[in-house]
Structures are given as C-alpha cells and as structure tokens.
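No lab work stands behind these numbers, since they all come straight from the coordinates. Not measured: the values here are computed from a predicted model. Cβ coordinates were reconstructed from backbone atoms using ideal geometry, including for glycine residues, and neighbour counts include every protein chain displayed.
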Amino acid sequence: VSGDNLDQQIKPFIEPLIKEINNLDEKVNKINNQDNPFKIITKPNLIGSYHDIINYREYIANYKEQIKDYEKLLKQEKEHNVLKDFDMSLINGDKVVIKIKDYDNKVIKNLVDEIFENKKLKLLFIANIVDNKITYICKSNLGNASQLVAIADEITNGKGGGKTDFARGGGDQIVKLDGALAKVRSIA
C-alpha cells in the first residue's frame with residue numbers, strides 16, 4: 001500500500017487488529033491479579049505505513065503469548081495456595097478417604113498428587129463439594145481407584161471412571177455422600 005491517503009488505505013486492515021487488542025485488554029482486566037499484576041507491553045505507535053499492520057500483528061502475537069504465560073503463573077500460584085491452605089491434619093494413616101468443600105476442581109488433581117507423594121500414601125480418595133455437586137478423585141497404589149470411584153458414583157447418582165491407579169467421578173446426591181464415603185473406607 002502506498003501513495004496518497006495512506007492512512008485511509010491502511011485503516012481497514014488496522015481496525016480489526018485494534019479490536020483484537022481491545023479484546024485482549026478486556027481479558028487481561030478480567031484475570032489481572034493485584035498481588036501479581038500483569039505487565040502490559042507497550043503498544044507500537046501508528047506511523048501511517050504498512051509497517052503498522054506488521055507491527056500490530058507482531059504485538060498481538062506477543063501479547064497473546066504474554067497472557068498465556070501469565071495464566072500459567074496464576075494457575076501455579078492458585079495450586080500452591082490450595083496446598084498451603086489445605087488442612088493436613090485430615091491426612092491420617094496411609095489410606096485416606098476425606099470430604100472437603102469449595103475447592104476449585106481445576107486444582108484438586110494437583111492437590112491429590114502433592115499429598116499422595118508427600119505423605120507417601122497407598123490410597124487417597126477426596127470428595128469435593130462445590131455448588132451442590134460432588135467431585136471424586138482417587139489415587140491408589142493398591143489397584144482399586146476406578147473401583148472405589150465407581151462405588152461412590154453408584155451411591156451418589158454419579159458418573160466417572162479411570163484406571164486402577166487414578167480415577168475421577170462425580171455425583172449430585174450430597175445427602176448420600178457420607179454413606180458413599182463409609183462404603184469406600186470399608187473397601188479401601
């Protein structure tokens with residue numbers, strides 16, 4: 001693109017890029033953590049040439065990568081905080097079946113892995129209640145993880161599955177949860 005009215009000729013190419021940048025800005029505003037704020041890279045200045053298109057495309061690619069890295073960092077911090085805040089006094093013995101409430105289901109697997117390894121457990125079965133739904137995660141060296149999740153699922157009207165060493169599931173019959181956990185404990 002060259003010649004007179006270059007700005008007007010470039011405008012149709014730049015406007016969608018500016019809109020995409022604005023959408024990325026909105027995303028950052030939603031996920032931004034005040035304890036570890038997102039540092040936005042400086043947007044290139046418009047100079048009225050085709051380089052504006054190239055510069056903005058490059059800026060968007062870098063911005064997306066920066067957001068992706070920031071989301072990973074926030075996830076790691078969240079996982080670390082969950083483990084730090086977890087009441088380890090609930091972990092007694094080498095076969096543990098417990099009920100917890102309001103933990104983010106996205107970080108429960110990492111919580112299970114950390115506790116299982118740190119406490120050198122044979123079995124860890126966690127039932128997490130969030131928004132009137134139950135999520136089960138079971139890790140076992142005894143070869144019975146999928147069996148235990150299936151038992152809990154059956155009692156609490158749930159679904160799930162997995163392997164003998166790791167399984168997950170969930171149900172919606174919270175009133176039957178204590179009975180399900182008692183059954184899991186008796187078999188574990």
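Structure data summary
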{"quantity": "0 to 90° range, to nearest 10: angle between helix 51-85 axis and the chain longest Cα axis", "calculated": "20"}
{"quantity": "For the chain: rounded, prolate or oblate by the Cα gyration tensor [a/c cutoff 1.5]", "calculated": "prolate"}
{"quantity": "Of Asn45, Phe116, Ala61, farthest towards positive along the dipole that unit charges on Lys, Arg, Asp, Glu beta carbons give the chain", "calculated": "Phe116"}
{"quantity": "Rounded tilt (10° steps) of 105-118 against the dominant C-alpha axis of the chain", "calculated": "60"}
{"quantity": "Violating pairs (Cα-Cα greater than 23 angstrom) within the set Lys139/Lys183; Lys101/Lys183; Lys27/Lys84", "calculated": "Lys27/Lys84"}
{"quantity": "Separation of the Asp87 and Asn32 label points, Cα + 7 Å toward Cβ, nm", "calculated": "3.7"}
{"quantity": "Given charges at Cβ of Lys, Arg, Asp, Glu: the stretch 88-187 dipole, positive-most of Ala127, Ile187, Gly158", "calculated": "Ile187"}
{"quantity": "Charge context of Lys95, other residues only, Cβ under 13 angstrom, K/R +1, D/E -1", "calculated": "+4"}
{"quantity": "Gain upon complete extension [Lys64, Tyr50; 0.36 nm per residue less C-alpha separation]", "calculated": "2.9 nm"}
{"quantity": "Under the Karplus curve 6.51 cos²θ - 1.76 cosθ + 1.60, θ = phi - 60°, whole-Hz ³J(HN,Hα) for the stretch 14-29, x wherever Gly or Pro sits", "calculated": "7, 4, x, 5, 5, 4, 5, 4, 4, 5, 5, 4, 4, 4, 4, 4"}
{"quantity": "Whichever aspartates and glutamates have a C-alpha closer than 20 Å to that of Lys109, once near sequence neighbours (fewer than 8 apart) are set aside", "calculated": "Glu71, Glu77, Glu79, Asp85, Asp87, Asp94, Glu117, Asp131, Asp153, Asp165, Asp172"}
{"quantity": "The chain: calculated mean residue ellipticity at 222 nm from DSSP helix runs of at least 4, using -39500 (n - 2.57)", "calculated": "-17500 deg cm²/dmol"}
